[in-house]
1. So, of the residues in region 156-174 that are in a helix (DSSP H, G or I) and modelled with pLDDT of 95 or more, which turns out to be surrounded by the most Cβ atoms within 10 Å (Cβ to Cβ)?
2. Pairs only if they're at least six apart or on different chains, beta carbon under 9 angstrom, first in region 134-155 and within 16 Å of I10 (Cα to Cα) and at pLDDT below 95, second outside any helix (DSSP H, G or I) and open to solvent by 50 Å² or more (accessible area, probe 1.4 Å); list them, first residue then second.
3. Restricting to region 222-273, name every residue that is open to solvent by 60 Å² or more (accessible area, probe 1.4 Å), out of contact with any helix residue (DSSP H, G or I) (no Cβ under 9 Å at 6 or more places or on another chain) and not in a loop (DSSP other than H, G, I, E, B).
4. Return yes when A347 is of a type in the set (G, A, S) and under 17 Å from the mean Cα position of the chain (by Cα) and no when it is not.
5. Across region 293-314, what is the number of residues that are at pLDDT below 95 and either among the small types (G, A, S) or surrounded by 19 or more Cβ atoms within 10 Å (Cβ to Cβ) (or both)?
6. For region 116-144: of the residues being over 25 Å from the mean Cα position of the chain (by Cα) and not basic (K, R), which is nearest to A26 (Cα to Cα)?
7. Could you tell me which residue of region 192-215 is modelled with the lowest pLDDT, considering only residues that are over 30 Å from R46 (Cβ atoms) and out of contact with any Asp or Glu (no Cβ under 9 Å at 6 or more places or on another chain)?
8. Here are some conditions: (1) touching a strand residue (DSSP E or B) at 6+ places or on another chain (Cβ under 9 Å); (2) open to solvent by 20 Å² or more (accessible area, probe 1.4 Å). A283 meets all but one. Which one does it not meet?
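The values are calculated or read from the model by the stated rules, or taken from the named source; none is laboratory data. Only a predicted model underlies this, so the values are computations on that prediction, with no experimental measurement involved. Quick reminder, even Gly has a Cβ in these numbers, built from the backbone with ideal geometry, and neighbours come from all protein chains shown. Keep in mind that these areas ignore ligands, DNA and RNA; they rest on the heavy atoms of the full protein, side chains included. Shrake-Rupley method; radii C 1.70, N 1.55, O 1.52, S 1.80 Å.
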Amino acid sequence: MNHTPLRFIISGGGTGGHIFPAVAIANEIRRRLPDAEILFVGANGRMEMTRVPEAGYNIVGLDITGLQRRLTPQNLLFPVRVFRSVRKAGKLIEQFRPDAVVGVGGYASAPVLLAATSRAIPSLIQEQNSYAGLVNKLLAKRVNRICVAYDGMEKFFPKEKLVLTGNPVRTEIASGDRAEALKFFDLDPNKKTLLVIGGSLGARTLNLATAAAIARLRDAGIQLLWQTGKLYFPEARQQADQPNNLHALEFIQRMDLAYAAADVVISRAGALSVSELCLTGKASILVPSPNVAEDHQTKNALALMSKGAAVLITDEHAAERLYDEALRLLADPERQQQLSLRVRELARPHATATIVDELLSLVKK
């Protein structure tokens, strides 16, 4: 008997924290329904326009940006851009005819979900953080289901639509092989390895603190995998001395191998990073970014620290304290193991599967 393959649109992006969950959802759909057709919709000029095709999916870009906090010519054009993006999203939906639409947050998800819900197409949003994003809050009344990663989200969303799923994380992130990882990054198996990740766009505080600590790491015989982000990379490449296994990398494509190689991780406390640390069970020092809505990264980090699952250092104290703490932790295998055990207890390895269950239940209805 012939059947028509199901079609899905996944929209949103802007940062890795939105893009990687979106790709994880797409991969799970494809795993269950190999003939499903999946189309991504992103914002032109944002990182999803390169990262999504790298993951093997088609993407269409909308000319949409966020509102600036100060009055700028961009803000005056904002209503025009929104109108055009909603119109383009509507045309896309009429051409592609999706069975359901997923929004993961970020600029591009708003026009797509507005267009989909106005046509009564089943829709689901996935909120990664403990503090809901503006786009998701605005769309909550229109969508059918809201998948969240934290308790207490009824303060932002209608309670009857909420499902606590955890964050979708690429399952392969936890399956890296240490021997393969050490070979891939050309690391010495007899030395400790520190992984520093400031998010997909980099983090100034982490980059400056790491640059200042290069000599200390070299003297202590510590190896470094340092994801710098694009802006800081040229400077970091000069500061890191490759023969001593201090590697500055603009972006780490093989995060599964980076985690497998690491003894200790220094990271921001974005929702995706926290979820990956839980799944990989890595001992970590979290330095929450202060430049996010409602300081939600500090809330994410406190949730781990209160359970003995991570070390927390504030952004303002990072310059003087971060590498004292990192070197202490690297020299203490017992403490690393305690943090690792506790953080694993917080993992939600079935988050992606649960979200896709919810999505497919909407299609059946």
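1. K161
2. Final answer for the pair search is V135/Y107.
3. Hits for region 222-273 are P234, R237, Q238, Q242, P243.
4. Yes.
5. Final tally of qualifying residues: 9.
6. Checking each candidate, the answer is I121.
7. That would be A215.
8. A283 satisfies all of (1) touching a strand residue (DSSP E or B) at 6+ places or on another chain (Cβ under 9 Å); (2) open to solvent by 20 Å² or more (accessible area, probe 1.4 Å) except (2).
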